[in-house]
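A short reminder: the numbers here are calculations on the coordinates, not readings from a lab. Being a predicted model, the structure only gives us computed values, none of them experimental. Note: ideal-geometry Cβ built from the backbone for every residue, glycine included; neighbour counts use all protein chains shown.
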Amino acid sequence: MEELRKRWGRCSVHTYGKVESTNVVARMLAESEEPAGTIVLAREQTAGRGRGERRWYSPPGGLYLSMVFRPSGDSLLPLTSVLASLGVVRELDRRFPGIEPRIMWPNDILSDGRKLGGVLPDATSGEKGVRFLVVGVGINVKPLGEGAPRGLARRATSLEDRACHSVDLSQVADAVVTGLERYLQAPPISADATTLDLLDRYDWLKGRRVRVSYPGQRDGIRGLSVGIAPDGALLFRPDRGALRRCTAGSVKVESE
Ligand code: BT5
């Protein structure tokens, strides 16, 4: 770990064997005034979190990392999720050729159509807007193995599955920290043209048939996903009607 502290040029790197959730630990540290750039890493999580009530299966062999940011303006969803995912995906792509990681709006990281990882931003606000932002990233590094919840093994993949060689956790941690810092240290309120081009390149949903469900909506709307807007919204063309935006909700890919 000393090596990572040196590489990242900071002392605020906290490593644990087992925690409930690195996002929860990072939030507690941020509340007690740990600086921006604080990093929390765990070997395994007993109650790893996904969006809403969902869980993140976190056995040893995966990367579970959360990082604290103190943005000066408001940090807006879904742009924060999308930029964090883009940062991580670009670095993974650069360092692990052949795995072809993609973003599935707003926070999934896929490889070969299966889930390789996910990003979970958690903003804590006060009277003057966002006080701090914790961004958690989970990446499957080793194959998930026998103990995985039923059905997950089919939908998930890992870096080692895809790269066909062993992968060092600290290399993945370094990729994630570099990727998050690139886009979240001074997050824009709107993605610029270069970022939009990159989002386009890494967008898994673009050109796919999707079913988009807005919060509280059961059935969802069928259509064609056409891209990601500068504010991070998903753009899709419903089978009936004009182009629509989605800033919160869930997306399922319809079978092709
Ligand atoms: C995510 O949520 O994809 C965000 C996951 C973020 C996890 C990190 S680990 C470090 C930090 N600390 C935390 O407590 N969390 C963050 P969501 O889009 O809601 O996806 C959750 C869904 O992914 C689950 O309902 C499962 O279907 C699936 N899933 C769970 N564990 C998985 C795994 N290890 N690999 C692939 N898919 C998984």
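General remarks:
- Non-local lysine pairs in the chain, meaning eight or more places apart or on different chains, with alpha-carbon distances under 20 Å, amount to 5.
- Distance cut-off 17 Å, percentage of C-alpha pairs in the range 137-221 lying past it: 71
- Every Cα-Cα pair of the range 1-102 was included, and the share exceeding 22 Å stands at 39 percent.
- At R0 = 51 Å, FRET efficiency that the Cβ-Cβ distance of R211 and K6 yields, to 0.05: 0.60
- Around the Cα centre of the chain, unit charges on the Cβ atoms of Lys, Arg, Asp and Glu (plus for the first two, minus for the last two) sum to a dipole of about 700 debye.
- Alpha carbon centroid spacing (whole Å) that separates the range 106-172 from the range 55-70: 7
- Sorted peptide list for 80-92, 98-110, criterion being average Cβ within 10 angstrom, highest first: 80-92, 98-110
- Working note: Cα atoms of the chain, range along each principal axis, descending, whole Å: 56, 47, 33.
- Convex hull of the range 52-113 built on C-alpha atoms - directionally averaged projected area, nm²: 5.7
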